[in-house]
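Read the structure below first, then the notes.
The values are calculated or read from the model by the stated rules, or taken from the named source; none is laboratory data. Just so you know, these numbers come straight off a predicted model, no measurement behind them. Don't worry about glycine lacking a Cβ; one is built from the backbone with ideal geometry, like all the others, and counts go over all protein chains shown. Remember, those area values only see protein heavy atoms, side chains included, never the ligands or the DNA or RNA. Shrake-Rupley method; radii C 1.70, N 1.55, O 1.52, S 1.80 Å.
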Amino acid sequence: MASKLILLDQDGVLADFEQGVRQLWQQTYQQPLPLAERRHFYLRDDMALQFHHQLDELYSSKGFFASLPPMLDGIAAAKRLLEAGHDVRICTSPIQAYHYCVSEKFDWIGQHLGEEWLQRIILTKDKTWVRGDILIDDKPQISGSLIPQWQHWIYDQPYNRDQTKLKRVNWSQPETWSELLQ
Ligand SMILES: [Mg+2]
């Protein structure tokens, strides 16, 4: 495949946001995340209203974003895509409570991918403004004010399985993305 501009989402694609929430919830509130099943993109939509405040507290707490565990095989995959000659960028949207989120997203990339990847970060609230050939993202529908130039490949997660129209990628299933290495 000719060299492509590949945009990788951070949370849910490189960083295991879900696992990070579960771990910190257990640690903070001494009980498992009160959640029956994962069906919606936003965790809060699968949780009772009474827990939303605690969830917000957790997202905006110091150290949350920096300590997210990496997704299985995600770091190696990002490096392989770069080695294959693609221009790989990390395209990520900070949460509204940006204070720790923004700096810790950078910390995370530096720690897990290396300092040289810091220059590959693109922070935006609207990914349709970013040029690219492919955007690999776990969000089922990505909207914004422009018509996207990239093709959305969905990163496989339990909460987006009803999205059947997009090409589905899972780092641990090489056949889902190995065409990018050829
Ligand atoms: Mg995401």
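Screening TRP25 on (1) buried (at least 19 other Cβ atoms within 10 Å of the Cβ); (2) closer than 25 Å to GLN141 by Cβ shows it passes everything except condition (2). Taking the criterion of being hydrophobic (A, V, I, L, M, F, W, C) and surrounded by fewer than 17 Cβ atoms within 10 Å (Cβ to Cβ), the only residue of segment 107-120 that qualifies is LEU118.
Looking at segment 1-17, which of its residues are assigned to a strand (DSSP E or B) and within 12 Å of the ligand (Cβ to nearest atom)?
Filtering segment 1-17 down to residues assigned to a strand (DSSP E or B) leaves 5-8, 11, 15.
LEU7, LEU8, ASP11, ALA15, listed by residue number.
In the set LEU180, LEU146, LEU135, LEU123, only one residue is over 18 Å from PHE17 (Cβ atoms) and surrounded by 15 or more Cβ atoms within 10 Å (Cβ to Cβ); that residue is LEU180. I'd like to check something: does segment 138-155 contain any residue that is under 18 Å from SER3 (Cβ atoms) and aliphatic (A, V, I, L, M)? Checking segment 138-155: not a single residue is under 18 Å from SER3 (Cβ atoms) and aliphatic (A, V, I, L, M).
Residues in segment 68-115 that are in contact with a Leu (Cβ under 7 Å, 6 or more places away or on another chain) and without any contact (Cβ under 8 Å) to a residue 12 or more places away in the chain: GLY110 only.
State yes or no: is TYR100 open to solvent by less than 80 Å² (accessible area, probe 1.4 Å), hydroxyl-bearing (Ser, Thr, Tyr) and closer than 20 Å to ASP16 by Cβ? So TYR100 fits the description; yes. Any residue in segment 44-67 that is touching a residue at least 12 places away in the same chain (Cβ under 8 Å), open to solvent by less than 30 Å² (accessible area, probe 1.4 Å) and under 13 Å from the mean Cα position of the chain (by Cα)? Scanning segment 44-67 turns up at least one residue that is touching a residue at least 12 places away in the same chain (Cβ under 8 Å), open to solvent by less than 30 Å² (accessible area, probe 1.4 Å) and under 13 Å from the mean Cα position of the chain (by Cα).
Identify all residues within segment 28-43 that are open to solvent by less than 50 Å² (accessible area, probe 1.4 Å), within 16 Å of the ligand (Cβ to nearest atom) and either assigned by TED's automatic domain parsing to the domain that holds ILE154 or not charged (D, E, K, R) (or both); write none if there are none. I'd like the intermediate steps shown before the answer.
Within segment 28-43, the first condition is being open to solvent by less than 50 Å² (accessible area, probe 1.4 Å), and the residues that meet it are 33-35, 38, 43.
With within 16 Å of the ligand (Cβ to nearest atom) added as a condition, the list becomes 38, 43.
The answer is LEU43, and nothing else.
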